[in-house]
Amino acid sequence: MGRSKERSGKEGAAVVSSLHDKEFKLELFFPYLTRVFYSHVTRTVSRIYGEQYAMKPHEWRTMAILGVRESLTPAQIMERSSMDKVSVSRAITGLRKRGWILERTNKNDGRSRVLRLSSTGRKVYDNLVPQMIRLEKRLLEDLSPEEVNVLTGLMKRVQEAAKRVPQSDERET
């Protein structure tokens with residue numbers, strides 16, 4: 001993760017200039033660039049869990065969240081994942097069919113369930129995590145540690161800004 005390449009700044013300048021142009025340019029539109037970025041990264045990551053375990057992205061995300069917690073409710077998984085209720089429900093169904101998660105009634109609220117990885121699910125998780133960490137290093141190897149910190153900091157700031165955008169503005173775009 002250490003080597004850093006020189007950047008001309010042209011790519012960044014092109015994105016910023018799109019904010020001031022009167023003509024709309026999809027290829028410079030920040031939400032579009034974000035979606036393309038997400039698609040490329042997700043496709044690369046999904047090769048690991050998809051090829052080895054025929055897992056879908058929402059199943060991996062659910063497993064990864066459960067892997068670092070003792071147990072969670074589906075609502076807690078939704079809060080931590082940015083997935084909607086349907087995606088979490090499908091993930092739970094798929095993971096349960098494989099025997100990778102266990103569920104029990106929530107002692108605090110009899111209407112909800114508490115989920116955790118089964119021993120088989122834990123083995124799958126423990127097999128995938130080192131591979132995911134290696135992939136992350138490969139994805140970020142052209143960035144210095146400082147650039148990675150800047151990137152993640154900027155991503156968090158944009159995410160917070162998106163949370164502040166009123167719902168009515170979202171429908172307009």
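Where a number appears in this text, it was derived from the coordinates with a stated rule and is not lab data. Worth saying up front: this structure is predicted, and the values here are computed from it rather than measured. Every residue, glycine among them, receives a Cβ derived from its backbone with ideal geometry; neighbour counts consider all protein chains shown.
Here the label points at L140 and K25, each 7 Å from Cα along the C-beta direction, are separated by 3.0 nm in the simple model. So which trypsin sites (Lys or Arg not before Pro) in the range 53-106 pass both tests, a DSSP loop state and at most 14 other Cβ atoms within 10 Å of the Cβ? Answer by residue number: R69. If the label point is 7 Å along Cα→Cβ of I133, which residues in the range 30-51 have backbone nitrogen under 19 Å from it? Only 45-46, 48-49 fall inside the zone, counting backbone N under 19 Å.
Kirkwood's formula applied to the C-alpha pairs of the range 10-142 gives a hydrodynamic radius of 16.9 angstrom.
Spin-label model, A54 to K123: label points 7 Å out along the Cα-to-beta-carbon direction sit 1.8 nm apart.
Size descriptors for the range 77-173 (Cα atoms only): Rg and Dmax, in that order, 18.6, 50 Å. Across the range 73-104, the residues whose backbone nitrogen lies under 17 Å from the label position 7 Å along the beta-carbon direction of S46 are 82-84, 86-92, 94-95.
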